[in-house]
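Let me begin by presenting the structure, written as structure tokens, before commenting on it.
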Amino acid sequence: MDATGLNRQQFATALGITWGNADGIYRGRQCPSVLTLARIAGVVGCKPAELLEGVEPVPPAPDPAELLKAAEGNGRRGRKASQDEGQKPKASPKKAPRKKAAKGKAATKKAGTAKTKRTPRKKSAGRKSAGQ
């Protein structure tokens, strides 16, 4: 890392995280936990608050009750807009019917895959003991 003179593997080891997590934090793809943020500040030699200077706060999450009300809307729950307007929903494309398989011996004998009868192995006489 630039400020410490450590490479990413050394920096990750100093923080107690994997190289992949350290790389993700460095590139801005992952957000460090508060504990990791405090460890980063310790390794870099600053206060955790200094690391957060210039970072925009995350807006608060919306109230779940308001989300439910918005989802229910004006009675359109579970229906498509086209159904509300009196239009028929579009039909999905039909699949071609499958061909029925032939029954009987002819169905099992496909071209080039006819079963051959296995011949049983000959039984060996076995090992003879040293005394015989």
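What does the charge count around residue 12 come to, taking other residues whose C-beta lies under 14 Å from its C-beta (Lys +1, Arg +1, Asp -1, Glu -1)?
Overall, the nearby charge balance is +2.
Which of the peptides 59-70, 21-32, 42-53 is most tightly packed, and how do the rest follow, judged by the mean count of other Cβ atoms within 10 Å per residue?
In descending order of packing, they fall as 21-32, 42-53, 59-70.
Can you list the equivalent-ellipsoid semi-axes of segment 8-51, largest first and in whole Å, using the square root of 5 times each Cα gyration tensor eigenvalue?
16, 12, 8
Here, each number is a calculation from the coordinates, and none is a lab measurement. The shown structure was predicted, so the numbers you read here are calculated from the model rather than taken from an experiment. Cβ sites come from the backbone with ideal geometry, for glycine too, and all protein chains shown count toward neighbours.
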